[in-house]
Structure formats: structure tokens, C-alpha cells
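Right, one structure below, let's go through it.
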């Protein structure tokens, strides 16, 4: 492992158990900061209520969390109604007026959440969790609210965990500390090759992360699943390795995705990485990033399917990115810098 990566791991890796809600409430009050929890969701009617209700009961009522928001991305089930009944404030992503064309996707939902929340600190939690706890939120907030001198300057906190899903052993003791197939086969190899200082980030694509508004409002955001990779590498590029921390959240259970869906996700991560390759990482003329298709002409992933009429099916790959929110005239929650 790169020496800088090892030193970062030793100084910037925490355990969620280090941060208790009562202590964080005191730190939050002394700092005068506010906290928004954002849950992006699309067709998660089966799990969103439990995620919302646990956070509301444990952290919203106590005052650690000021806003609990679900961003609904064109769900065709009862996700929005169920989340609202469980105690969340619900927004339909397509109804948030940003002056930009509609572009469904996880990154789009997170970007639009900046327009309807006001917290100084934002915590993102996926809606499909089946094994987790409110310590996900307190753990991710811990490094951002810590008063330890060594923790000053942390802007972004990533979670990692033992991943439990349908494709992994049911016995929790046999669970592996891996981040999923796209993480292990695409994201981490990319980091090791082109961003070696970030090689010690255990799960760079983890959907559970926290960030200061002052940072995320300044970052370009891919509309799809490239959002986590982009936020990590852009934070490193503009603020350095010490601005990033990671927290061991224990175990995480979630819904399994089929490999064809993961293929599209992998293509999005690759497109995001290609735009951000360090100078000189690859020799290409014209530059690799310049050859990515414009939003008007989305690339597609051709996947063989025995059951498709023609044998092949084409899956669109979202590659558009939203500019930094603070540059948008409709964005009113700017952090003063």
C-alpha cells in the first residue's frame, strides 16, 4: 500500500462506537451546526419505513438530526406515501425546480437535495437497508463534529462495513468486509492504479456517507451512480487526503442487484473516472474525457439476453454531471465562505 494511504488509514479510520449520540448533541450545540439526513429512494416501499422510523425515533426526536428528508426518484410503488407516514419530509426529485432538464438517477437526487435542505452537515443513507442501525448516522457525523484537534479539517466521511446481501453467506460471521462487485472489480482497481493515495478507502462506493455543505455545494455531481466516486476523488484533488475520513459501521444488509444492472453501474463509474484521470495518467488524443458523449447522446451498454427478441438489449448509461450547486441561480442555501 502507498505510504500516504497507510498513514491516512491509521489516522483517519474510526469506529462508529467511538461516537455516542449524547456527546454529539453537545458538540453540535457548541458548534452551532445543523444536520440533515437525506435518503434517496426509488421503489423502496418494502424498506424505507424502517429506515425512516429508526432515524426519527433515535435521532430526530433527540435533536441530533434537524431534518429527515426522503428524495423520491420516480417511484412507481408507494415509497413516497410510506416514507411520509413514517415521519420523513418527502420531495419528488422531478418536482424540485433547478432550471435543468430532468435526469433520473441517484446523483441527481442527492444534488437536488441541496436545494430543499438547510443542514450544515448532510448524511446520506440508502433506502434499501435491512440490517443496520442509527449508529450509521452517529458514526458518520462523529468525525465532522469531533472536537479533537487531530480531526480538524475533515470534510467528507465514508462508511464501510461487513456487507450482507443475497449473494453472500447468510451467517453474519462469514460475511466479508467487501463493498460489492462493482466496488471490488471496478472502483478499487481504478483507485489503486490512478489514485493510490485513496487505495485505503475500504468501500469508496458506499451509499452511507456524510459531508459538509460547504464542500458538496462546490462539487460537480454525476447524475447517476458515479456520485460517490466523484465526491471522493474530487475532495482528494481539491482538499487533500486529510479532508477525508472513514468509519467502520459494522454490518450492512441490503437488497441484491442483478449483474446486468451492475454492468450499467460499472459503466457509469468508469465514465466518471475517465473525466477525472490525473494529468498524464493515460496518453490519449484527444483527451479521454473529451471523447465521452454529450448528455444529448447518451452512450449505451449492449448486453446479451437470451430472452430478448433480438438477443441483445441496449441499456442507456447516464454520463451527465450537474455543475456545483452554488453556481445555480435557484440555489439559496449557500454556505458563506
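Any read-out appearing in this document is the output of simple, stated calculations on the displayed coordinates, not a laboratory observation. Being a predicted model, the structure only gives us computed values, none of them experimental. Virtual Cβ from ideal backbone geometry, glycine too; neighbours counted across all protein chains shown.
Couple of notes before you dig in:
- Ranked by the mean number of other Cβ atoms within 10 Å per residue, highest first, peptides 3-14, 153-164 order as 153-164, 3-14.
- GNM remark for the chain: springs join alpha carbons under 10 Å apart, and the peak mean-square fluctuation among 128, 305, 15 falls on 305.
- Estimated from helical segments only, the mean residue ellipticity of the chain at 222 nm is -9000 deg cm²/dmol, where each DSSP H run of four or more residues counts as -39500 (n - 2.57).
- The fewest-to-most ranking of 272, 34 by surrounding Cβ atoms within 10 Å reads 34, 272.
- Placing a pseudo-label 7 Å from each Cα along the Cα-to-Cβ vector at residue 192 and residue 305 gives an inter-label distance of 3.3 nm.
- For the listed peptides 323-329, 49-55, a ranking on the average number of other beta carbons within 10 Å per residue, highest first, reads 49-55, 323-329.
- Across every pair of non-identical alpha carbons in region 33-93, the mean reciprocal distance, once inverted, gives a Kirkwood radius of 11.3 Å.
- Among 41, 109, 92, residue whose mean-square fluctuation peaks in a GNM of the chain (springs only between Cα atoms under 10 Å): 92
- Given their separation in residues at 0.36 nm each and the Cα-Cα distance between them, residue 100 and residue 7 gain 29.3 nm when the chain is fully extended.
- Rg and Dmax of the chain, based on Cα coordinates, read 19.3, 63 Å.
- Listing 312, 132 from fewest to most neighbouring C-beta atoms within 10 Å gives 312, 132.
- q = 0.14, 0.16, 0.19 Å⁻¹: log10 I(q)/I(0) that the Debye formula gives for region 1-116, counting C-alpha atoms only: -0.73, -0.86, -0.99
- For the residues 266, 85, 199, a GNM of the chain with alpha-carbon springs under 10 Å puts the largest fluctuation on 85.
- Stretchable slack from residue 20 to residue 330, in nm (0.36 nm times residue separation minus alpha-carbon distance): 107.9 nm
- Packing rank of 313-321, 17-25, 133-141, where each peptide gets the mean count of other beta carbons within 10 Å, highest leading: 133-141, 313-321, 17-25
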